[in-house]
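Note sheet for the following structure.
The values are calculated or read from the model by the stated rules, or taken from the named source; none is laboratory data. Here the structure is a predicted model, which means the values were calculated and not measured. Positions of Cβ are generated from backbone atoms using ideal geometry, with glycine treated the same way; all protein chains shown enter the neighbour counts. Side chains are part of the model used for accessible areas, which takes the heavy atoms of the whole protein and leaves out ligands, DNA and RNA. Shrake-Rupley method; radii C 1.70, N 1.55, O 1.52, S 1.80 Å.
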Amino acid sequence: MRETNRMKNDDMNEQQPLDVTIVGGGMIVTDLILPTVYHLQRTGVVGTLHVCDRCAAPLKALKENAELKRAFPGQDFVAHPSLSEPADKVFPDQFAQVLATSRPRQAVIVAVPDQLHYGMVKAALLADQHVLCVKPLVLSYAQSVELEKLALERGLYVGVEYHKRFDRRSLVAKSMYAQGRFGTFVMGEAKLIEPYYYRNSNFQNWFVCDKTDPFVYVGCHYVDLVYFITGLKPVAVSVSGVKGRFPNGNEGYLWANGRVRYENGGLMSISAGLGYPNDAAGSNDQGLLMYCEGDGKSGMIQHDDQDRGVRHSYAEGAGAGGSVYNYVSPDFFRLVPWEGAGLKPVGYGVDSIASNVETMVRMERASLSLEQRREAIRAVSEAGILATPANSFINELVVEAARRSILADGEWVTIVYGDQPHVEERRK
Ligand SMILES: NC(=O)c1ccc[n+]([C@@H]2O[C@H](COP(=O)([O-])OP(=O)(O)OC[C@H]3O[C@@H](n4cnc5c(N)ncnc54)[C@H](O)[C@@H]3O)[C@@H](O)[C@H]2O)c1
């Protein structure tokens, strides 16, 4: 614990930065990860920045992105493969090659399609790198335990990017729930409907029925959040989906509704989809409602996570989906003027990535021994703010149960805890 305090007292900007490799150059990297890491680079937390994809085309788009150029003048990343390669030529081993030349105990941020996370996180750990992975970490509980053990053995940090934990409203709810101000969660609903135009993106290549679905893709944020706020473990899951075709003809679940049963009998219904109208003020539709039982009265937590009160109507141009009248919440991610050159990324998405990277940086700057690094990792998991495999493993169990359930058209799947947590079909 003394080492953890020493880590906290470190002056972040006066010491050696950490090199960062981002793997994947798609939407989430463009919209959140790269701008955040660029900012950490200019504040001295991050050193050399590498971005790796299976082909050069997404990297070229990142380099040419006008908004990123305006926000981060003079900043750049090393592209793997090089942009001199044909844009669509596929380099399947690109990430392995980058890892082979990485200095030990730097940072890797994994931002590729869900089904690739396990292999890439494992490869990064075996190459002695700290890792931040976009959610969901992996698609099975056994894999999350394996990665947790591997990381701890090597004294490497693994964080999972559940950024809703960093939304101030989530932190307020968590704090007040722990004080008993609401009573005990008993019934709720949440939704996260992403825009229709997502169907035209690279999603159509990987968001297919046998790989993922909207519940696993974004519903999981609210699964994590209810656990983050209440500490209640999910014990059963039923997810039903609605299939449809992407423009390229691939079939995916475009909509999903899941019910999660908790250890205290509470129930949560979560709707998710790729269908928020492009013409609507959006930019997506999301929110959380939780009812709680108190002593002779009830409590309630309600978060409107969509329209947070800022509205624009443009005389020139439009929002991402094409709408002229827009809700423009600054809470998740925005690039805003600041006291330095260009623009600064702000929001809870930024806070979440920054906290994960800064945790790795502190560990390295404190020159901890292997045992001290393990202790520091355990302390982060116990603190329960940053999501780690040790404190967010219920998500893998829910994902595993959800995938089984949706493929069986909504059959209930039970989560069994104890020495060997696992999922199984509900006994009838
Ligand atoms: N709200 C959130 O937390 C949030 C939002 C969006 C995406 N995500 C997650 O981020 C991940 C990526 O999503 P996205 O929207 O950026 O998808 P995307 O399809 O836009 O981008 C994925 C990128 O990964 C690249 N890629 C695929 N295979 C690769 C390989 N073997 N090596 C290197 N690169 C490879 C693709 O070429 C593509 O550029 C998914 O796991 C998704 O669930 C999270």
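Figures for the structure shown
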{"item": "Residues located in region 22-63, provided they are in a loop (DSSP other than H, G, I, E, B), within 21 Å of GLN106 (Cα to Cα), open to solvent by less than 10 Å² (accessible area, probe 1.4 Å) and more than 8 Å from the ligand (Cβ to nearest atom)", "result": "VAL45"}
{"item": "Verdict on TYR291 being open to solvent by 40 Å² or more (accessible area, probe 1.4 Å) and farther than 30 Å from GLY74 by Cβ", "result": "yes"}
{"item": "The one condition in (1) in a helix (DSSP H, G or I); (2) away from the ligand (no atom under 13 Å from the Cβ) that GLY219 fails to fulfil", "result": "(2)"}
{"item": "Flag if GLY231 is in the same structural domain as MET176 (by TED's automatic domain parsing), open to solvent by less than 40 Å² (accessible area, probe 1.4 Å) and of a type in the set (Gly, Ala, Ser)", "result": "no"}
{"item": "Any hit, region 166-175, residues being open to solvent by less than 40 Å² (accessible area, probe 1.4 Å) and within 30 Å of LEU126 (Cα to Cα)", "result": "yes"}
{"item": "Meets criteria (in a strand (DSSP E or B), under 25 Å from the mean Cα position of the chain (by Cα) and crowded, with 17+ Cβ neighbours inside 10 Å) for SER271", "result": "yes"}
{"item": "Cβ pairs under 7 Å, 6+ apart, first in region 71-98 and of a type in the set (Ser, Thr, Tyr), second not in a loop (DSSP other than H, G, I, E, B)", "result": "none"}
{"item": "Per-region count, region 337-394, residues assigned to a helix (DSSP H, G or I), in contact (Cβ under 8 Å) with a residue 12 or more places away in the chain and among the polar types (S, T, N, Q)", "result": "5"}
{"item": "Out of VAL160, VAL121, VAL186, sole residue that is open to solvent by 10 Å² or more (accessible area, probe 1.4 Å), modelled with pLDDT of 95 or more and within 30 Å of ASN257 (Cβ to Cβ)", "result": "VAL186"}
{"item": "Residue among GLY294, GLY252, GLY244 that is over 25 Å from ASN202 (Cβ atoms) and among the small types (Gly, Ala, Ser)", "result": "GLY294"}
{"item": "Complete set of residues in region 68-87 that are within 16 Å of the ligand (Cβ to nearest atom) and under 19 Å from ILE28 (Cβ atoms)", "result": "LEU68, PHE77, ALA79, HIS80"}
{"item": "Condition broken by ASP210, with the remaining ones in (1) at pLDDT below 95; (2) buried (at least 16 other Cβ atoms within 10 Å of the Cβ); (3) among the charged types (D, E, K, R) satisfied", "result": "(2)"}
{"item": "Condition check for ASP167: within 11 Å of the ligand (Cβ to nearest atom), out of contact with any strand residue (DSSP E or B) (no Cβ under 7 Å at 6 or more places or on another chain) and among the charged types (D, E, K, R)", "result": "no"}
{"item": "Yes/no for LEU59 being in contact with a Cys (Cβ under 9 Å, 6 or more places away or on another chain) and without any contact (Cβ under 8 Å) to a residue 40 or more places away in the chain", "result": "yes"}
{"item": "Within region 148-158, considering residues that are of a type outside the set (A, V, I, L, M, F, W, C) and assigned to a loop (DSSP other than H, G, I, E, B), the one farthest from the ligand (Cβ to nearest atom)", "result": "GLY155"}
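Yes/no matrix, rows are residues, columns are (1) out of contact with any Lys or Arg (no Cβ under 9 Å at 6 or more places or on another chain); (2) open to solvent by less than 40 Å² (accessible area, probe 1.4 Å); (3) among the charged types (D, E, K, R):
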residue	(1), (2), (3)
LYS69	no, no, yes
PHE77	no, yes, no
PRO81	no, yes, no
PRO86	yes, no, no
PRO92	no, no, no
VAL98	yes, yes, no
ARG103	yes, no, yes
GLN106	yes, yes, no
PRO113	no, yes, no
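Okay, residues lined up against (1) assigned to a helix (DSSP H, G or I); (2) without any contact (Cβ under 8 Å) to a residue 12 or more places away in the chain:
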| residue | (1), (2) |
| --- | --- |
| PRO104 | no, no |
| LEU125 | yes, no |
| ASP128 | no, no |
| PRO136 | no, no |
| ALA142 | yes, yes |
| GLU146 | yes, no |
